[in-house]
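Here is the structure we will look at, set down as structure tokens.
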Amino acid sequence: MSILIITSIFATLLAFALGTALGFFKDFFAVKEDPLIAKIREVLPGANCGACGFPGCDNYASAVASGGAPGTACTVGGPSVAAKIAAITGKAGGEVVQTVAVLACQGSSLHTPLKGTYTGIKTCRGAKLSGGTKLCSWGCLGFGDCVNVCKFGALSMSENRLPKVNYAKCTGCGLCASECPQGLFQNIPINKKGAIVLCSNKNLVKAAVAKSCKISCRKCGLCVKNCPKQCITLDALIPTVDYGKCDSCGTCAEKCPTKVFKIIERDIFVS
């Protein structure tokens, strides 16, 4: 018998033996999945976006099954998914707080001059590492990294290089907030009311602020002085609103010379 035939027979027998052994050990050491986890996982949307606070839907399902997470944390699935999880687990989870992303910047290419011609990597993170592209060091860099990571088609870039949020599609997953190197996105409840500041420029030099962006916060304090509820402070270099006091009167928006203040339910979440 030739060496070639002997080698072929030996290889076949070895492959059979290894296959049998692998099959045995796979069954022997297999970790049986909790059927409850499988049922919960089945009703989740499968976006693996992390909005629930866990790395993916599998981890979230496991946490819910073990009692380590509420059944209402999946904002992507919303109330319908929460209701299904409650039916599976037999535990009422409460109300799902739907959040959406809001961009704290209005400095489009119409309002914020460029430092010069940028020739680096065409990403926001690349531009950030290179020192930015605009005179405003805190504003949107305009390359759409947030758009690229959005799994729900809720973000698009405007003609003026500023991301726009489609609130009918936004699930509040937080991927855009995590991706933005400027930290410009914040998730707020869809039913939230009150005044919000759409500016992140923390420069205290008023002349520099005015030069870097036409519609940035000038730190003039008119909002603080004129607020009838005294719910606005300038402690963080950007006006901060106490929503426990704010009643959406709109005085801050009226008095603000650069219109960085918006009333959430009137100007942001427009039906």
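Where a number appears in this text, it was derived from the coordinates with a stated rule and is not lab data. This one's a predicted model, so the numbers in the text were calculated from it and none came from an experiment. Quick reminder, even Gly has a Cβ in these numbers, built from the backbone with ideal geometry, and neighbours come from all protein chains shown.
Mind ranking 126-132, 261-267 by how tightly packed they are, going by the mean number of other C-beta atoms within 10 angstrom, highest first?
Values: 126-132: 15.6, 261-267: 17.9.
Per-residue Cβ counts within 10 Å, averaged per peptide and sorted highest first, yield 261-267, 126-132.
Averaging sequence separations of C-alpha pairs under 8 Å and six or more residues apart, then dividing by the length of the chain, give the relative contact order as a whole percent.
Reported relative contact order: 15 percent.
Which order do 75, 240, 119, 20 fall in if you start with the one that has the fewest other Cβ atoms within 10 Å?
119, 20, 240, 75
Starting from the Cα of residue 255, draw a straight line to each of the lysines and keep only those under 17 Å, dropping any in the same chain fewer than 8 residues away.
Filter leaves 214, 219, 225, 229.
Once a ≥ b ≥ c are taken as the square roots of the eigenvalues of the Cα gyration tensor of the chain, is the result rounded (a/c under 1.5), prolate (a/b larger than b/c) or oblate (a/b not larger than b/c)?
Working: a/c = 3.86, a/b = 1.80, b/c = 2.15.
The shape class here is oblate.
Compute the signed sum of charges (Lys and Arg +1, Asp and Glu -1) over the other residues within less than 12 Å, Cβ to Cβ, of residue 114.
Working: positive: 115, 134, 161; negative: none.
Once all neighbours under 12 Å are counted, the net charge is +3.
Under the 0.36 nm per residue contour assumption, what length would be gained going from the current alpha-carbon distance of residue 266 and residue 114 to full extension? Intermediate results must be reported in sequence, preceding the final value.
Numbers: separation 152, 0.36 × 152 = 54.72 nm, distance 3.15 nm.
Gain on stretching residue 266 to residue 114: 51.6 nm.
Residue by residue, what Karplus-based ³J(HN,Hα) values in Hz, rounded to whole numbers, does the range 93-98 have, using 6.51, -1.76 and 1.60 with θ = phi - 60° and x for Gly and Pro?
Listing the rounded values in order: x, x, 8, 7, 8, 7 Hz.
Round to the nearest 0.05 the FRET efficiency obtained for residue 137 and residue 193 when R0 = 45 Å and r is the Cβ-Cβ distance. Mind showing how you got there, number by number?
Details: r = 31 Å, r/R0 = 0.70.
The formula returns an efficiency of 0.90 here.
In nm, what is the difference between 0.36 nm times the number of residues separating residue 98 and residue 208 and their Cα-Cα distance? Don't skip to the answer; put the middle values down first.
Working: separation 110, 0.36 × 110 = 39.60 nm, distance 3.80 nm.
So the chain would gain 35.8 nm between residue 98 and residue 208.
Determine the sum of side-chain charges near residue 269: Lys and Arg each +1, Asp and Glu each -1, restricted to other residues whose C-beta is under 11 angstrom from that of residue 269. Mind dumping the intermediate values first?
Details: positive: 192, 193, 262, 266; negative: 265, 267.
Counting the neighbours of residue 269, the net charge comes to +2.
Arrange 234, 22, 184 by Cβ neighbour counts within 10 Å, fewest through most, would you?
Values: 234 14, 22 10, 184 24.
Final ranking by Cβ density, sparse to dense: 22, 234, 184.
Report, in order of residue number, the helices in the chain meeting two criteria: a C-alpha extent of 15 Å or more along the helix axis, and a mean Kyte-Doolittle hydropathy of at least -1.0; treat each whole DSSP H run as one helix.
Counting only whole DSSP H runs, the qualifying helices are 3-29, 78-89.
Tell me, what is the percent relative contact order of the range 91-147, built from C-alpha pairs under 8 Å that lie six or more residues apart? Each step should come with its number before you reach the end.
Numbers: 41 pairs, mean separation 19.0, N = 57.
Relative contact order here is 33 percent.
Out of residues 5 or more away from residue 115 or on other chains, whose amide H comes under 5 Å of its own, with H placed 1.01 Å from N in the peptide plane?
Those lying under 5 Å, H to H, from residue 115 are 134, 135.
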